[in-house]
1. Just rank 300, 245, 183, fewest to most, by other beta-carbon atoms within 10 angstrom.
2. Loop-only GluC sites (Glu not before Pro) in region 254-312, please: DSSP not H, G, I, E or B, and at most 15 other Cβ atoms within 10 Å.
3. Could you list 332, 194 in order of exposure, starting from the residue whose Cβ has the fewest other Cβ atoms within 10 Å?
4. Could you tell me the calculated FRET efficiency between residue 67 and residue 285, based on Cβ-Cβ distance and R0 = 60 angstrom, to the nearest 0.05?
5. To the nearest 0.05, how large is the calculated FRET efficiency for residue 103 and residue 237 if R₀ is 30 Å and r is the Cβ-Cβ distance?
6. Counting other beta carbons within 10 Å of each Cβ, put 158, 337 in order, fewest first.
7. About its Cα centre, how strong a charge dipole does region 7-127 have in debye, to the nearest 20, once Lys and Arg get +1 and Asp and Glu get -1 at the Cβ?
8. If amide H atoms are built 1.01 Å from N in the plane of the peptide, which residues on other chains or at least 5 residues away come under 5 Å of the amide H of residue 50?
Amino acid sequence: MTDIVDDSNYKSYELVKPSDKSLDNEKINNVKHNELSGKKVNGIEIHNLLGEGGFGCVYKCTMHKRSGETLSGAFKAEMNKKGTTTSNGLVYECSILRKLEAEGNMYHFTNLYINGQRPLFSFMVLQLVGPNLYDICTYLPDEKFEYNTFIRVAYQTLESIQALHNIGYLHNDLKPANFAIGDKSHETDGIIVYMLDFGLSREYGSKENPIKNVYKKPKNGIEYTGTISHCSPNAHQRKELGRRDDMYAWIFLCMDFYNELPWRTLEKDEEIEEMKLKCTYETYCKFLPKGFHCLLKHIDSLGVYDKPDYNMCFNEINKLMKEAKIKMEDPYQWELLPIEAKKSLNIRLEPRKNNAIKKQVISKKKTAKDMEGKARQLSNKNLSVKKQRNLDNNNSVRNANLSCKNKQNHNDKKSTKDKASSKPCQKVKEKKNNKKSKIGLDDDTNTNKLLTEEFLSSCVGETNEMMEKKLSTFETQLKNKMENNKKQLNQKNNNI
């Protein structure tokens with residue numbers, strides 16, 4: 001039995017690590033990925049089936065923490081690739097979540113608790129989430145969101161896409177079923193949109209390092225990457241895919257949530273592909289709110305290696321929200337569904353407390369200022385430490401120079417020529433040290449300024465809880481950037 005569980009996973013989430021004896025007693029060597037209900041794997045109790053796909057299943061499960069607390073999760077199992085003991089898609093998904101966690105950017109992504117392998121399947125245990133957006137829409141009038149919910153969902157889904165692109169990956173299968181709201185156990189988690197399923201994700205290329213798709217045989221009939229209803233037009237043409245193609249999928253999501261897709265009434269794949277390849281900017285505009293036309297135009301202008309202007313997109317959406325007087329903390333449409341619909345979707349029955357929403361509205365400006373203060377304080381603190389270190393270094397140089405000068409005054413045997421020649425050396429030494437200090441301060445100042453401004457702009461229109469979570473992400477990113485700057489500074493100083 002091969003197991004790829006890392007001990008650090010148990011420590012970071014304070015989970016009880018199963019004993020060797022309990023692992024030996026599992027007796028699941030011949031159990032398939034779709035036969036796990038009621039079984040125990042790696043000390044994890046597996047319960048009812050939540051969903052099933054072509055290659056895997058998702059179950060509800062429970063784990064035990066060292067404190068005695070029980071933690072619920074989603075147990076995702078996939079059949080191993082023939083002739084191996086791993087599932088490539090699942091292993092890839094784990095690596096992406098780990099990279100996101102290392103970047104401190106898990107806001108729209110589920111925590112990865114544990115992952116491992118068994119003879120017939122591989123598994124991963126994720127943070128439990130609520131219903132996906134596709135299922136939610138089936139309970140809405142005309143199966144689409146009202147404008148005030150649509151525009152905030154568009155904002156959140158774009159945030160998750162940007163975060164994934166920032167670590168070098170494309171999703172390649174963006175659709176309503178691959179986004180879900182948080183679990184009902186937390187009051188505010190039910191308004192956060194999570195990105196799911198990275199089975200088709202791939203790294204994107206650049207001009208210097210293109211990533212070409214490898215095909216075993218010539219194109220024959222319909223062919224695409226992702227889901228035909230939402231994938232980019234380029235995904236039908238064997239073209240190299242880039243960040244623009246996830247943005248195309250995002251704009252199709254927006255059409256789907258707000259209005260409908262142009263090819264919604266078509267049933268055959270051939271018809272959908274043909275229509276998608278014929279559609280123009282003007283056609284797409286008919287299915288989007290007017291304020292999104294400039295976003296579509298921007299996406300149309302992107303090349304395969306171009307970076308989308310995410311900030312421009314966020315600014316435009318924020319402008320539309322401000323015009324419509326929509327706030328991030330306003331109730332979402334799924335929070336206002338009838339009780340029976342909420343029960344069917346298994347979402348929180350109790351509404352978010354009105355007084356809590358009022359407090360968020362009243363204190364929003366104050367909270368934004370507090371967040372700004374914390375961010376700038378953290379940024380300035382790092383610079384203060386750097387400045388003090390440089391000041392100490394400069395003082396050490398000055399003290400050494402003074403000591404040298406006193407020694408020269410007491411030594412009458414030294415010639416005037418020797419004394420004069422020592423002064424330029426001192427100046428060169430001071431100048432060199434100051435140059436090193438300036439490099440470090442400039443790099444750190446620019447890094448802190450950029451990260452602080454990025455953090456502040458991302459908090460526009462957010463709830464208190466969202467801003468607190470983003471502050472934690474900001475702190476992690478700032479720490480990582482400062483460490484990188486320190487390494488680069490050492491290299492620069494060695495070359496001076």
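1. Details: 300 14, 245 26, 183 22.
In increasing order of surrounding Cβ atoms, one gets 300, 183, 245.
2. On the way: sites: 260, 267, 270, 271, 273, 274, 282; in loops: 260, 267.
Passing sites in region 254-312 are 260, 267.
3. Working: 332 21, 194 25.
Least to most surrounded, the residues fall as 332, 194.
4. Values: r = 55 Å, r/R0 = 0.91.
Calculated transfer efficiency: 0.65.
5. Working: r = 32 Å, r/R0 = 1.08.
After rounding, the FRET efficiency stands at 0.40.
6. Working: 158 23, 337 18.
Fewest-to-most Cβ neighbours within 10 Å comes out as 337, 158.
7. On the way: 16 positive and 13 negative charges, 43 e Å.
Dipole about the Cα centre, nearest 20: 200 debye.
8. Here 58, 59, 60 satisfy the definition.
No lab work stands behind these numbers, since they all come straight from the coordinates. These numbers come from a predicted model, not from an experiment. Note that each Cβ is placed from the backbone with ideal geometry, even for glycine, and that neighbours are counted across all protein chains shown.
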